[in-house]
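One structure is given here, and the rest of the page talks about it.
The values are calculated or read from the model by the stated rules, or taken from the named source; none is laboratory data. Small disclaimer: the values here were computed from a predicted structure and weren't measured. Cβ atoms come from the backbone with ideal geometry, glycine included; neighbour counts cover every protein chain shown.
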Amino acid sequence: MFAERRAELMEAMRAQADHTAAIFVSARELIRNSDVYFEFRQDSTFYYLTGFDEPDSVALLRPGAEAPFVMFVRPHDPEMAIWVGARAGIDGAIANYGADEAYPIEELSERLPELLAEVEHLYYPLGTDEEVDALVSKYVARRRQGAQRGAKTLEGLRDPSPLVDEMRLHKSEVEAAAINRAVTLTGHGFDLAMKATQPGMHEYEVQALMEAEFRRLGSRRNGYPSIVAGAHDSCVLHYTTNRKELGAGDLLLIDAGAEWDYYTADVTRTWPVGGKFSPEQRAVYDVVLRAQEAGIAASQPGLPFDGVHQASLRVIVEGLVELGILEGDVDQLIEEDAYRPHYMHSTSHWLGMDVHDVGRYRDGDESVTLKPGMCFTVEPGIYLNPENEDVPEQYRGIGIRIEDDILITADGHTNLSGHIPKDPDEIEAIVGSATS
């Protein structure tokens, strides 16, 4: 799988220019405090191309070379292995990860000029890593100076991201299966969270139950920090404090996703802590649900990506007018962005190895066309700020988002998270059932 990806990328590089090479840099370990490090997660693109899950590494791709895939890695260190486990090392990079050649990372600056001697077009995403940025800049300057004395010219420095991002945008069957598995685990966590929710619990208690189920089922980590937002904090888009006590009349909005084999889910559900929506909460919820259904219906191959947002947005604005939160003609309200105080984000984003995955949304002035293998969220919401006096008092503080993960297929789409309850009557029957 990783070898196939590298071959596809190198073919795309050769299609753009002859005598090319690309450099990719791993993530680095970061100190949290003292001698404690943050949990390491590999850079998504680096892992996508190599499957290598260690820091302080560099991958070099050279289409047409005798050794097209070269890795620079940390050597195996028996003493460090006692403390933190064995490294793949030089031999492991070749035997287990398909490198044609491998060298100690300390030799990168020494060996790079020789390995790139015949290269005329170098692909490297500047801004990736300060150390390697400096090394590449120095190398480019050296090649420029050498060209004055007749050495081979380095014609250009290019960003490989557009090529790789386009590959990552179109999910293979293996990738789609990994996302589906992440969504399945997420659904189990949401099921526990809904059933356990009751007044008097704290947001972090619900979060702990949900994420424990992720871990129990084999997810190494979340795809992003969980949003577990009760009461008025459901109006805060990226709330992650998750410390407050939940009251009987509160809503609880959870936006979370388990990660599986480097692919993440991204699901949001909103439910009443006491097990019953108030009439006002239910009215807003119904609008958001209708908006989401409209967005999902617009998720079809051959249609524009932006059409998903436009379909959801129209229903949101129509609903805000019906509720008396906005007044006026729907088309004019949309044109004037009058909905923005209550719906301030787009309906969808790409989903994959990153929760906000790579890939263009527009091709020039036009929206990208949806194609099989594209995976994205559909997540409309209404957020009625408790301090906004333009909102009728009975609606203030209500925040609702409903989010599903959609995979475009040849003949339509699959809602990967459609099994996670969102029908309001079904939700009311589930919430608190573990303690009733």
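Quick look at the numbers
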item: Hits in the range 1-18 - residues which are part of a helix (DSSP H, G or I), of a type in the set (D, E, K, R) and surrounded by fewer than 17 Cβ atoms within 10 Å (Cβ to Cβ); result: Glu4, Glu8, Glu11, Arg14
item: Boolean, Gly249 is surrounded by fewer than 18 Cβ atoms within 10 Å (Cβ to Cβ), in contact (Cβ under 8 Å) with a residue 24 or more places away in the chain and within 21 Å of Glu426 (Cα to Cα); result: yes
item: Odd one out for Tyr124 among (1) within 17 Å of Phe46 (Cα to Cα); (2) surrounded by fewer than 17 Cβ atoms within 10 Å (Cβ to Cβ); (3) touching a Leu at 6+ places or on another chain (Cβ under 7 Å); result: (2)
item: Any chance Gln42 is assigned by TED's automatic domain parsing to the domain that holds Val119 and out of contact with any strand residue (DSSP E or B) (no Cβ under 8 Å at 6 or more places or on another chain); result: yes
item: Whichever residue in the range 153-207 is polar (S, T, N, Q) and outside any loop (DSSP other than H, G, I, E, B) and, among such residues, is farthest from Lys371 (Cα to Cα); result: Gln207
item: Qualifying residue in the range 306-323 (condition: in a loop (DSSP other than H, G, I, E, B) and at pLDDT 95 or above); result: yes
item: Members of the range 225-243 that are part of a loop (DSSP other than H, G, I, E, B) and crowded, with 18+ Cβ neighbours inside 10 Å; result: Ser226, Tyr239, Asn242
item: Exclusive hit being crowded, with 23+ Cβ neighbours inside 10 Å and in the same structural domain as Thr347 (by TED's automatic domain parsing), set Ala196, Ala256, Ala212, Ala177; result: Ala256
item: Cross-chain or 6+ apart pairs with Cβ under 8 Å, the range 95-113 first and assigned by TED's automatic domain parsing to the domain that holds Thr153, then buried (at least 20 other Cβ atoms within 10 Å of the Cβ) and of a type in the set (Gly, Ala, Ser); result: Asn96/Ala88; Tyr97/Ala88; Ala99/Ala93; Ala102/Ala93; Ile105/Ser57
item: Number of the exception - Glu155 against (1) surrounded by fewer than 14 Cβ atoms within 10 Å (Cβ to Cβ); (2) in contact (Cβ under 8 Å) with a residue 40 or more places away in the chain; result: (1)
item: Matching residues in the range 8-31 - criterion: being at pLDDT below 95 and polar (S, T, N, Q); result: Gln16
item: Residues within the range 247-262 that are outside any loop (DSSP other than H, G, I, E, B) and small (Gly, Ala, Ser), tallied; result: 2
item: Enumerated strands (runs of 3 or more DSSP E) restricted to the range 66-137, each holding at least 3 residues that are within 29 Å of the chain's Cα centre (by Cα); result: 69-73
item: Residues of the range 341-400 classified as β-branched (Val, Ile, Thr), touching a His at 6+ places or on another chain (Cβ under 7 Å) and assigned to a loop (DSSP other than H, G, I, E, B), total; result: 1
item: Of residues in the range 335-364 being among the charged types (D, E, K, R) and modelled with pLDDT of 95 or more, the one surrounded by the most Cβ atoms within 10 Å (Cβ to Cβ); result: Asp357
item: Among the candidates Arg62, Arg87, residue that is in contact with a helix residue (DSSP H, G or I) (Cβ under 8 Å, 6 or more places away or on another chain) and either free of Cβ contacts under 8 Å to residues at least 12 places away in the same chain or more than 24 Å from Asp159 (Cα to Cα) (or both); result: Arg87
item: Filtered residues of the range 41-64 (kept if crowded, with 20+ Cβ neighbours inside 10 Å and among the small types (Gly, Ala, Ser)); result: Ser57, Ala59
item: Number of the exception - Val140 against (1) of a type in the set (A, V, I, L, M, F, W, C); (2) modelled with pLDDT of 95 or more; (3) part of a helix (DSSP H, G or I); result: (2)
item: Residue match in the range 409-426 (condition: within 18 Å of the chain's Cα centre (by Cα) and part of a loop (DSSP other than H, G, I, E, B)); result: yes
item: Residue list for the range 352-400, filter: hydroxyl-bearing (Ser, Thr, Tyr), more than 21 Å from Asp250 (Cβ to Cβ) and either touching a residue at least 60 places away in the same chain (Cβ under 8 Å) or not assigned by TED's automatic domain parsing to the domain that holds Ile316 (or both); result: Ser367, Thr369, Thr377
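Results for (1) in contact with a His (Cβ under 8 Å, 6 or more places away or on another chain); (2) hydrophobic (A, V, I, L, M, F, W, C); (3) without any contact (Cβ under 8 Å) to a residue 12 or more places away in the chain, shown as yes or no for each residue.
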{"site": "Val183", "(1), (2), (3)": "no, yes, no"}
{"site": "Gly187", "(1), (2), (3)": "yes, no, no"}
{"site": "Gly200", "(1), (2), (3)": "no, no, no"}
{"site": "Glu205", "(1), (2), (3)": "no, no, yes"}
